[in-house]
1. What number of residues within segment B:157-180 satisfy the criterion of being within 15 Å of ligand 1 (Cβ to nearest atom), assigned to a strand (DSSP E or B) and not small (Gly, Ala, Ser)?
2. Considering only segment B:190-203, I want to know if a residue exists there that is on the phi > 0 side of the Ramachandran plot, assigned to a loop (DSSP other than H, G, I, E, B) and within 16 Å of ligand 2 (Cβ to nearest atom).
3. Residues in segment B:85-102 that are more than 7 Å from chain A (Cβ to nearest Cβ), open to solvent by less than 30 Å² (accessible area, probe 1.4 Å) and in contact (Cβ under 8 Å) with a residue 40 or more places away in the chain: how many?
4. Find all pairs meeting these conditions: Cβ atoms under 6 angstrom apart; at least six residues apart or on different chains; first residue within segment B:45-59 and open to solvent by less than 20 Å² (accessible area, probe 1.4 Å); second residue assigned to a loop (DSSP other than H, G, I, E, B) and near ligand 1 (Cβ under 6 Å from one of its atoms).
5. Hey, does segment A:590-597 have a residue that's open to solvent by 20 Å² or more (accessible area, probe 1.4 Å), touching a strand residue (DSSP E or B) at 6+ places or on another chain (Cβ under 8 Å) and over 30 Å from A:GLY243 (Cα atoms)?
6. In segment A:309-331, which residues are surrounded by fewer than 20 Cβ atoms within 10 Å (Cβ to Cβ) and closer than 30 Å to A:SER51 by Cα?
7. Within segment B:103-117, track down each residue that is farther than 14 Å from B:GLU146 by Cβ, facing chain A (nearest Cβ under 7 Å) and open to solvent by less than 20 Å² (accessible area, probe 1.4 Å).
8. Quick one: is A:ARG531 more than 22 Å from A:LEU599 (Cβ to Cβ), within 29 Å of the chain's Cα centre (by Cα) and either assigned by TED's automatic domain parsing to the domain that holds A:LEU649 or open to solvent by less than 20 Å² (accessible area, probe 1.4 Å) (or both)?
Amino acid sequence: MFRLAVTTLRYRTAAFLAIFVAVLLGGALLSAAGGLLETGLRLNAPPQRLSAAPIVVTGDPAYHPPNGSGSAAFPERHRLDPALLTKLTTTPGVAKAISDRSFPAVITSLEPSGTALAGHGWTSAALTPYTLTAGRAPRAGQVVLDQRLADGAKPGDTVRVTIGGEPRRFTLAGIAVAQQQVDVPPVFFADADVPDGLDAIGVFPADGTSVRELAKRLDLPAGVKAYTGDERGVAEFSGIATGLPLIIMSGVFGGMVAVVMALVVSATIGLSVRQRRRELALLRASGATPRQVGRMVIAETMVVGVIGLVLGLLCGRIAGTWIFGRLADGGIVPSQLRFDQGALPFAGAAVLAFAVLRVTVGFAAGRAARIRPIQALAEAAVPNVALSRVRIVIGLVFAGATAAIALSTPFMGPANAAAIGGPAGLTGSIAVAVLAPLVIQRALLPRITRLVEKRGTSGTLAVINLRVRAVQFGAILVPITIATAIAMGNIYSQSTQQKAAVHAFTKNLAGNVVITSTSGGIPASLTDSVRTMPGVTAVSEVVRSKGWIEEPYDKSHTSDAWPLLGLSGPVYTGKVKQGSLDDLTGDTVALPPGTAKKLKVGVGSQIGLRLGDNALVKVKVVALTEGPSGYESLLLPAQLLAAHTTSGLPSQLLLKTSNKVHPDLSKWPGTTIGERELLGEGLDTGLGVDAWIAYLLAAIAVAYTAIASINTIAVAVLDRRREFGLQRLTGSTRREVSRMLRLEGLLIAALGLVAGLVTAAFTVFPIALATRGWPIPSGPVWILLIWVAVVLLLVLPTTAVTGRIAMRSKPMDALSSPVG
Amino acid sequence: MNNTGNAPVQLTDVRKVYGTGPGAVDALAGVTYEFAAGTFTAVMGPSGSGKSTLLHCAAGLDTPTTGDVHLAGRSLRGLDETSLTELRREHVAFVFQSFNLMPALTVRQNVVLPMTLAGKQPDDAWVTEVIRAVGLGERVKHRPSELSGGQQQRVAIARALAGRTAITFADEPTGALDTTTALEVLTLLRDQSRRLGQTIVMVTHDPVAASYADRVVFLVDGRIVSELRRGAVHPTAEAVAAELAQLSAGRLSPTES
Ligand SMILES: Nc1ncnc2c1ncn2[C@@H]1O[C@H](COP(=O)(O)OP(=O)(O)O)[C@@H](O)[C@H]1O
Ligand SMILES: [Mg+2]
């Protein structure tokens, strides 16, 4: 039996190629998803600049809400108490402890380079270690540059460096090289020039003291931890607080891959079994029991599937590294995070893919086993649409679930809309896959028949073919529909949410000119200078961060933090229900009225805020201000909030001007001036991970559609050799048959696109309603147009080419071909 | 129909109705017949008279709506697909009009396929002899697509012989062949199976093909209306044709035979 199964393989190349590629891709992507999961769980970021210190003490980058549920990353660098350095230095077993402070420093006189956090004190050079290759250690007013930054400059030269937004002149004291890979080349200052504050402390154990033991024994304040080994990267790179985004992404991504793989494989086997009905029936007539036929289908598919799976797992490393690379490029994960893909992700992917494959194949084989021997003898081999009752019920359940999800999404609020609404695309796709043949035959065809029949004989033929081959066409339609639903649903719900978030943020800010800076922030000197400029009627610094209300404890924002907006001028246009924003200075806050009511506080109350750098500050409520529903922020004075950010500076200046202003910004290198649109730029909408999931899914959707539709079309068209032969014998020319095929292809592509867009609508419209309060999605139309083009480019050429191959033989020979 | 005892194929008041309600078709309207051991019976009748349905019911490929079928001494009533398959595998071979070879398998693999499926070791010498007997000794390694229609039908006959089964059912085995090839194939079928003592039931609408049989049963509208038996010689093609003409005339002006 097994030999028989293997013998038939080479006669079913197209169908088996589809299964092979689907499983290969599935195996590769599942092991990639497993790698993302392992990376998220381990969070290994080997240190670079801090690698010489065996123990690095720094603030826990993750916020743990007091009630203990979940965790979130602190958006800002978490500062240490300077007294801790003394305490650690005197701890028994510690040879030395060296403090580290990172701050924005950009060299503007040489080749512009260096990013946000390149500045450090010279003492922390020992943490890498950095050694001088020229010159000597810096004194006040001097700097030492990483060799990569020096750009030909020699000790004694003058370099201009912008620190804290202010351009300053320094003398180059020396040039140093690292003994270690360091991605961000540092600028070392004399310790006197380093701003106050401590980010991390590198601890060197005394001889004979164990690193682990010492790390455990260190007496650290709450929220401060000692890291060793690869975990030390936490102190150096931002964004390594929590693996949650990666874990969520790997779960959603892996789940989607498994479902899509199952759908593609089952559609392909289903089609192939249907086409082999005669052959399988003949086998039954020759004495094969139903079980033998089922086992044969399982065996031949599993052979191909397992080979695909093994190769897929071998490609899993490439796929994983590639996806991780894209995520790092997109800033979703820090690029210094190490991609960990050990044996477990591969084992997991192998087991999951095999299980999905085996179950899917089992169902399809059951269908093959039910074929009866006399079907070998029946003249007409047109499959009839007889969906089992179970299948219809399953389809209706999924359709119902889709509708229920879609109907409940608008009531979920913007934050949860995507998580709730997203799965509608998946349940909808499954419903389409299950019910497609029935829907095509009963609902769609009668409607389009009339339209197409006007196109003459080839039109009529195309419709007749669609009708009698509803099941087969269902198999081609399904991948197109699913891919369209997943790709369009994800991309447009993403762009809709993104637009809604940006709109909600900028709507309540007045002002027509925005100044931004790429050199670390907006210095006070710039703000002051702009304020006195003629034509400027109002100026406000803009600071953005995130935080939590801890006193009284606010349960509404725990793992998703409150957006904090720091302002210093009259630019907020939202309705002030109580109090006044004029009082927003010093240690104060303005709350949304709903939150104030829930927390039972009002104007004049004192509340405790946990800011982005883990500082707990007591602030007085001075106003209750309304914000866009679902997108409210807490308003704070810009100065207070900026002091608790990593850079310590506002990121933007917002200006109201009465006429055109042309401020001279050359004194502040790295600053740019623009229109209001700049306000939305760099806005952390919290959608980064979701967006990447959306794009990854769109990418695999394209890949799967390509394989699945090309293969199903090829299989379906080649299978009709006899039919074409017959048509040509009965008077149709080759061109007429080609035209009929082209029409069929167009119909299929159009039906698939329409069905997919309808399914996507169940995701996109409710999400638009939830986030924009208006059921029209936003996003670029060209994506939709490109998608339509991609589908047409997949379907039409494939149909044309396979059609030509199918008609290559003479009509008479095609008729007598035994393969039907 | 006076035979009693262990006829390998027995049908008792077999009816087969396709569809339900007003559109229902009585493909078999009550057939009782015994195909005696070692005989070669041709089932004749106009198109749509129920010949194929009769063959399928007799061979256990299809289940009658009512009535009993005994195959190789066993009642088919209540047997599931698997038991039916095993019973057929043991006792029955088929030759059909076309499409009855597995395209992926060689001539030899096709011939031994039923034995492979039954998990039996084919008798290599016998298989070789059978393939040579049908004139395909040179072509054992060929696949069906490389053979002519007549050659493909010879493979099917070899397959029917190779298993040494007791009964061979053939549905229009010469339907797709030209006259000369058809005669060769029929001769082969008759002579070879007679050598093995097989019982043959062959459906045909061709009087010449029917004249190779020992008996000819005439079917009209799902009923057996008459039977020609061999006396000293086979029923001649002329006799069969005459009977057929008379039956067709009778059908136009209905008179019960
Ligand atoms: N699967 C089927 N469904 C409905 N009607 C059928 C089916 N098979 C055969 N019939 C009908 O039963 C009658 C007998 O068919 P058949 O046994 O194939 O006739 P023959 O082989 O003598 O041409 C015909 O009227 C045919 O239309
Ligand atoms: Mg027939």
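1. Within segment B:157-180, residues that are within 15 Å of ligand 1 (Cβ to nearest atom), assigned to a strand (DSSP E or B) and not small (Gly, Ala, Ser) number 2.
2. As a first pass, look at segment B:190-203 and keep what is on the phi > 0 side of the Ramachandran plot: B:197.
Now narrow it down to the ones that are assigned to a loop (DSSP other than H, G, I, E, B): B:197.
Then drop every residue that is not within 16 Å of ligand 2 (Cβ to nearest atom), which leaves none.
No, segment B:190-203 contains no residue that is on the phi > 0 side of the Ramachandran plot, assigned to a loop (DSSP other than H, G, I, E, B) and within 16 Å of ligand 2 (Cβ to nearest atom).
3. 3
4. Final answer for the pair search is B:LYS51/B:GLY45.
5. Keep residues of segment A:590-597 that are open to solvent by 20 Å² or more (accessible area, probe 1.4 Å), which gives A:593-594, A:597.
Those still in the list that are touching a strand residue (DSSP E or B) at 6+ places or on another chain (Cβ under 8 Å) too: A:593.
Among the residues that remain, those that are also over 30 Å from A:GLY243 (Cα atoms) are: A:593.
Yes, there is a match, as at least one residue in segment A:590-597 is open to solvent by 20 Å² or more (accessible area, probe 1.4 Å), touching a strand residue (DSSP E or B) at 6+ places or on another chain (Cβ under 8 Å) and over 30 Å from A:GLY243 (Cα atoms).
6. Keep residues of segment A:309-331 that are surrounded by fewer than 20 Cβ atoms within 10 Å (Cβ to Cβ), which gives A:310-311, A:314-315, A:317-318, A:321-322, A:325-326, A:328-331.
Within segment A:309-331, A:ARG317, A:ILE318, A:THR321, A:TRP322, A:GLY325, A:ARG326, A:ALA328, A:ASP329, A:GLY330, A:GLY331 meet the criteria.
7. B:LEU113, B:LEU117
8. On the way: more than 22 Å from A:LEU599 (Cβ to Cβ): yes; within 29 Å of the chain's Cα centre (by Cα): no; either assigned by TED's automatic domain parsing to the domain that holds A:LEU649 or open to solvent by less than 20 Å² (accessible area, probe 1.4 Å) (or both): yes.
No; evaluated as a whole, the condition is false for this residue.
The values are calculated or read from the model by the stated rules, or taken from the named source; none is laboratory data. Predicted, not measured: the structure shown is a model, and the values here were computed from it. Positions of Cβ are generated from backbone atoms using ideal geometry, with glycine treated the same way; all protein chains shown enter the neighbour counts. The area values use the complete protein model at the heavy-atom level, side chains included, leaving out ligands, DNA and RNA. Shrake-Rupley method; radii C 1.70, N 1.55, O 1.52, S 1.80 Å.
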